[in-house]
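Structure first, commentary second.
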Amino acid sequence: MSANQSASTGKLDNYFKLTARGTTVRKEMIAGLTTFLAMVYSVIVVPSMLGQAGFPHTAVFIATCLVAGLGSLLMGLWANLPMAIGCAISLTAFTAFSLVLGQNISVPVALGAVFLMGCLFTVFSLTGIRTWILKNIPIGIAHGAGIGIGLFLLLIAANSVGLVVKNPFDGLPVAMGKFTSFSVLMSLAGLAAIFGLEKRKVPGGVLLVIVAISIIGLIFDPNVKYQGIFKMPQLGEEGLSLLFAMDIKGALQPLVLPSVLALVMTAIFDATGTIRAVAGQANLLDKRGQIINGGKALTSDSVSSIFAGVIGAAPAAVYVESAAGTAAGGKTGLTATVVGILFLLILFLSPLSYLVPAYATAPALMYVGLLMLGNVTKLDFSDFVDAMSGMVCAVFIVLTCNIVTGIMLGFGCLVIGRVFAGEWRKLNIGTVLITLALVAFYAGEWAI
């Protein structure tokens, strides 16, 4: 290694605390690329959903890349955590189909709502309310959220490749897909390959599988086509038409304000639960069980939502796919920094995003989901109420496909269970207040 390379590596080590966290530049680079490939689908899905609601497709594509790029850089360079930020798919769907199409709200007013949501979200982060929520999440529910998010990832990945599909008949909500389809076979083979490579501790095993399956898809799948490498983003009138287009005054109307509050409440518990789960999976918790640099992490995603409203995108949040990078060895902000740089590059390399089909990234997400199920061993069943409340949280996250719903039911079971068990003294006022707020949120039918 040359003197210049050694000095450069040393600077990265000092800034990101690589050695202190037991990682290397190479591991972080691989982890960043793995996370990027697992969530790059967002630059296709987000513009597609918002486009159905009348948002200019080109403008949203550019905005989505910028939110993911700059948001992830903020998380990496400031909070020094391996968590990537992007436009949240659930909040994107709410913005497009509930706000604009469902309530006939104009695009500028919807962006005003996103901006206001980001401002309130940031206030909750800066004032310590989100940190207070984190500290008052019972340990069983914290682990339960990790289990549930793991199951949720498994369901999302399996559904994306057709392994499980919506059941067209009465009864169970899902059914087995077409097992012999190319996408299903590739996904299952990829998952098994990851098991083998990780067992042998092959560096970058998850990434190698993603790349290998993408190449196989390019050769054998007619839907995977090489469309070039470089494409200049269209920064003309259409591309910038949503910049500062938000109508804040319109978003303050009584008709829109409940939706703003729904966005805030959902983001607070969804994103906060995701951050806690990913940090736990990466062993980035201090001796008290709190997230290292947690305050900065919570502020990074909320500030990104403000930016999203300004440039014309959906609310931002930490992506649960970040766990793919932590599973690949990512432990510092260098992972998120790599993700941020790659999302800024995809502005000019957008054709490459079509070379990574869903069945190439699905094995990585399934593997991460399975890893997160390991949180079951962390549940303390000697504290039966706490452990079972965590299980309720986990199960209903996947059954309702909603992280906040699972957390709400977990909190409710914990409080009521403690009372009936005669353990009400184990409850603290914070846990009770959070439970009441969540139950009121759902009882008022404001939940997304």
Exercise. Could you check how many residues of segment 170-187 are open to solvent by 60 Å² or more (accessible area, probe 1.4 Å) and modelled with pLDDT of 90 or more?
Key: 6
Quiz item: Just for helices (runs of 4 or more DSSP H) wholly inside segment 355-448: which have at least 3 residues that are touching a Gly at 6+ places or on another chain (Cβ under 6 Å)?
Solution: 358-372, 384-400, 403-420
Exercise. Those residues that are under 17 Å from the mean Cα position of the chain (by Cα) and either open to solvent by 10 Å² or more (accessible area, probe 1.4 Å) or without any contact (Cβ under 8 Å) to a residue 24 or more places away in the chain (or both), I need them from segment 50-68; list them, please.
Key: L66
Quiz prompt | Boolean, G86 is open to solvent by less than 10 Å² (accessible area, probe 1.4 Å), under 17 Å from Y319 (Cβ atoms), in contact (Cβ under 8 Å) with a residue 60 or more places away in the chain and in a helix (DSSP H, G or I) | solution = no
Quiz item: What are the residues in segment 50-70 that are aliphatic (A, V, I, L, M) and assigned to a helix (DSSP H, G or I), if any?
Solution: L50, A59, V60, I62, A63, L66, V67, A68, L70
Exercise. Taking the residues in segment 339-354 that are open to solvent by less than 20 Å² (accessible area, probe 1.4 Å) and in a helix (DSSP H, G or I) as candidates, determine which candidate is farthest from A79 (Cα to Cα).
Key: P351
Exercise. Among the residues of segment 275-315, count how many are polar (S, T, N, Q) and either crowded, with 24+ Cβ neighbours inside 10 Å or closer than 30 Å to A245 by Cα (or both).
Key: 5
Practice problem: Output yes when any residue across segment 366-381 is over 18 Å from L207 (Cβ atoms) and in contact with a Leu (Cβ under 8 Å, 6 or more places away or on another chain), and no when none is. | Solution: yes
Quiz item: (1) more than 24 Å from L151 (Cβ to Cβ); (2) touching a residue at least 24 places away in the same chain (Cβ under 8 Å); (3) crowded, with 16+ Cβ neighbours inside 10 Å: which one isn't true of G430, the others all being true?
Solution: (3)
Quiz item: In segment 359-381, which residues are β-branched (V, I, T) and open to solvent by 50 Å² or more (accessible area, probe 1.4 Å)?
Solution: V376, T377
Exercise. Output yes when any residue across segment 221-240 is closer than 30 Å to G309 by Cβ, within 27 Å of the chain's Cα centre (by Cα) and open to solvent by 40 Å² or more (accessible area, probe 1.4 Å), and no when none is.
Key: yes
Quiz item: Which residue out of L191, L185, L197, L155 is among the hydrophobic types (A, V, I, L, M, F, W, C) and under 17 Å from the mean Cα position of the chain (by Cα)?
Solution: L155
Quiz item: Could you count how many residues in segment 115-161 are open to solvent by less than 20 Å² (accessible area, probe 1.4 Å) and over 25 Å from G294 (Cβ atoms)?
Solution: 3
Practice problem: Among the residues of segment 323-338, write down those that are touching a Gly at 6+ places or on another chain (Cβ under 6 Å) and β-branched (V, I, T). | Solution: T335, T337, V338
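The values are calculated or read from the model by the stated rules, or taken from the named source; none is laboratory data. Nothing here was measured: the structure is a model prediction, and the numbers come from that model. Note: ideal-geometry Cβ built from the backbone for every residue, glycine included; neighbour counts use all protein chains shown. Heads up: the accessible areas ignore ligands, DNA and RNA and are worked out on the full protein's heavy atoms, side chains in. Shrake-Rupley method; radii C 1.70, N 1.55, O 1.52, S 1.80 Å.
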